[in-house]
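See structure below.
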Amino acid sequence: MTPYNRDFVDHGLSPEQLNEAVRGHYYEYPGMDGDKGEIWCYTRRYAYPAGARVDLYVSSSAPLFDLEITRDGACETVVFSQTHIAAHWQETPPDCSLVGCGWEPGFSFDIPQDWPSGAYRVTLRAKGRQGEPIVGHHMFIVHPMPGAKPGRLLQIAATGTWTAYNTWGGSNHYQGLTGPQKNKYSPVVSIERPLARGFVVLPEDAPRVPLEPSIPPAMIPRYPHMEWAFAKGYSRKYASSGWASYDSHFFRWAERQGYAVDLASQHELHFMPELLDGYDCVVFVGHDEYWTWEMRDAVESYVKRGGHVARFAGNFMWQSRLEDDGARHVCYKYRARDEDPLYQAADRSRTSGAWEDPHIGRPGALTFGLNATNGMYTGWGGCAPRGTRGFPIYRPEHWAFAGTGLYYGDQLGVDSHVYGYEVDGLDYIIRDGLPEPTATSGAPEGLQILGLGLSSLKEESADIASEHRFMGDADARFVARLRFGSDEAEHVDKVKRGCGMIVNFAMGQGEVFHAGSCEWIAGLLKEDPMVEKVTANVLNRYLGG
């Protein structure tokens with residue numbers, strides 16, 4: 001294995017000093033680059049149909065910029081460019097991450113009808129105050145319109161999670177530095193702001209979240225992706241969400257393999273559910289944590305009518321809401337019972353909290369067979385840092401594993417580290433050497449557990465002081481309160497052990513395959529032949545091949 005110290009950036013700081021430094025570095029804001037200058041851009045929507053008008057909202061310290069738009073698929077294809085576009089610096093409200101930036105459009109264009117569905121990267125180049133180049137990035141999706149699409153896949157980008165993790169402006173669903181949510185995470189965030197650095201493009205050496213090196217005993221937990229972000233000037237959340245770290249790897253892989261694949265955002269899932277009906281197979285990948293009630297309705301209705309869902313994703317955790325035609329994303333999360341106005345309503349089902357909250361009444365497993373509260377963390381920080389890197393396989397005879405050569409007890413994807421950093425699971429028992437969901441797990445009838453690994457809801461060690469841990473026990477205490485109404489030690493102990501699973505089950509006339517790990521796409525990125533084979537087996541079956 002890689003020697004421990006080679007996977008981390010040498011900052012000349014002690015582990016204690018480094019922990020404090022990387023925890024405080026996590027967001028971008030206008031003016032942060034000072035004398036160097038900067039250029040930022042956003043759109044008011046994540047996705048548009050061909051023919052739609054797109055406004056680019058640009059703020060630049062330089063008076064002119066060059067624009068390039070590239071379709072980001074199996075091949076990077078420049079589809080538009082223009083030079084010497086006028087720009088100016090636009091004032092930004094301090095609570096822009098909550099209410100939006102409110103800038104004026106800096107450039108507008110109509111999407112040509114012949115641009116195929118996919119991701120389109122916007123690159124803005126200008127000269128800094130000292131003449132050095134400055135670059136900004138954004139992206140938008142060209143989504144298909146409803147109608148029959150025989151033989152094509154539809155990938156749904158996890159834009160709810162992009163919004164939740166976007167740090168630009170100072171607040172997201174994890175931290176808050178601005179406005180009324182200072183020093184707390186914000187339950188309301190806007191998409192009308194630039195995407196954080198690292199969400200659109202990343203260099204190849206950017207670390208992923210799971211720990212790759214061997215870990216010495218009694219170590220102070222280290223977080224290589226945070227250290228890299230701190231050293232290179234990227235958002236600390238780049239490795240938790242975004243096109244560059246997750247969704248892009250499946251889309252490029254699928255096109256390289258010859259699949260015809262379209263792309264849409266979760267906003268289309270919410271506002272245009274009929275879009276699914278034209279496809280035999282709909283795909284979800286990566287870190288896909290935040291969903292609205294309407295999104296789940298769309299997927300369940302599609303599958304029950306005969307559709308097929310391939311979910312290579314993890315952390316199905318939170319119910320969120322969309323407001324202002326999708327411009328605002330709302331999720332009160334841990335504070336839902338205390339602060340979400342809908343918790344006081346007669347019908348609490350739309351409260352923006354965990355799907356496993358009994359007041360919501362819609363456990364995650366009803367849609368995808370698994371849930372986050374029975375899974376969670378593995379392979380990073382102090383959560384199973386030396387744990388399994390691939391999925392231990394229990395039912396190698398299943399059709400998904402045909403042609404892989406896998407045996408009972410083998411690990412799928414161990415070389416490419418597909419198991420982590422957040423995984424989804426169920427309560428289970430082992431009977432005759434095979435895992436089965438318990439009667440109280442909430443699993444759909446007929447669900448088969450194909451692979452199963454261990455995870456943890458609590459970062460703990462008898463050797464490491466609590467102040468040196470990033471996650472600690474907050475999630476375990478939250479889940480204990482959901483299940484038992486108390487986060488006393490005895491209840492935390494009952495929920496802190498989790499698992500990640502690969503499952504398959506029928507729903508109505510359709511079917512769902514779920515590999516419940518954020519990092520499945522690492523197997524495609526690293527061209528792991530077994531992971532590629534399983535992925536192809538699922539897609540080909542669901543496409544009728």
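The stretch between GLU68 and TRP399 holds 114.7 nm of extra length on full extension. This uses 0.36 nm per residue minus the Cα-Cα distance. For SER320, the residues whose modelled amide H falls within less than 5 Å of its own, excluding neighbours fewer than 5 places apart on the same chain, are TRP291, THR292, TRP293. Per-residue ellipticity at 222 nm computed for the chain from its helices equals -5000 deg cm²/dmol, with DSSP H segments shorter than 4 residues left out and the rest contributing -39,500 (n - 2.57).
The structure-derived value of semi-axes √(5λ) of the Cα gyration tensor in Å appears in the list (i) 41, 30, 21; (ii) 34, 28, 24; (iii) 44, 33, 22 under the label (ii). With each label modelled as a point 7 angstrom along the Cα→C-beta vector, the ARG362-ALA260 pair spans 3.3 nm.
For region 191-294, the share of alpha carbon pairs falling in successive 5 Å distance bins from zero is 2, 10, 17, 18, 17, 14, 10, 6, 4, 1, 0 percent. In terms of other Cβ atoms within 10 Å, CYS499, CYS331 run from fewest to most in the order CYS499, CYS331. Let me know the number of lysine pairs in the chain closer than 19 Å at the Cα, not counting same-chain pairs under 8 apart. Lysine pairs meeting the criterion: 12.
Coupling constants for region 232-243 follow from the phi torsions by the Karplus curve (6.51 cos²θ - 1.76 cosθ + 1.60, θ = phi - 60°), and in residue order they are 9, x, 9, 4, 5, 8, 4, 8, 9, 6, x, 4 Hz; glycine and proline get x.
Grab the beta carbon distance between GLU132 and MET219, set R0 = 51 Å, and tell me the FRET efficiency rounded to 0.05. For R0 = 51 Å, the calculated efficiency reads 0.80. Given +1 at the Cβ of Lys and Arg, -1 at the Cβ of Asp and Glu and no other charges, the dipole of the chain around its Cα centre is 100 debye to the nearest 20.
Scalar couplings 3J(HN,Hα) for region 193-201, obtained by applying the Karplus form with A = 6.51, B = -1.76, C = 1.60 to θ = phi - 60°, are 7, x, 7, 4, 4, x, 7, 9, 9 Hz; x denotes Gly and Pro. Inter-label distance, ALA506 to ALA474: 4.4 nm, where each label sits 7 Å from its Cα along the C-beta direction.
Under a model in which nothing but the beta-carbon of Lys, Arg (+1) and Asp, Glu (-1) is charged, region 305-357 shows a dipole of about 240 debye around its Cα centre. Backbone geometry of region 533-544 corresponds, through the Karplus equation with coefficients 6.51, -1.76 and 1.60 at θ = phi - 60°, to 3J(HN,Hα) couplings of 5, 5, 4, 5, 4, 5, 5, 5, 5, 6, 8, x Hz, x marking Gly and Pro. Each residue, THR77 and MET145, gets one label point 7 Å from its Cα in the Cβ direction; the gap between the two is 2.0 nm.
Coordinate-derived values only; no laboratory data. Not measured: the values here are computed from a predicted model. Don't worry about glycine lacking a Cβ; one is built from the backbone with ideal geometry, like all the others, and counts go over all protein chains shown.
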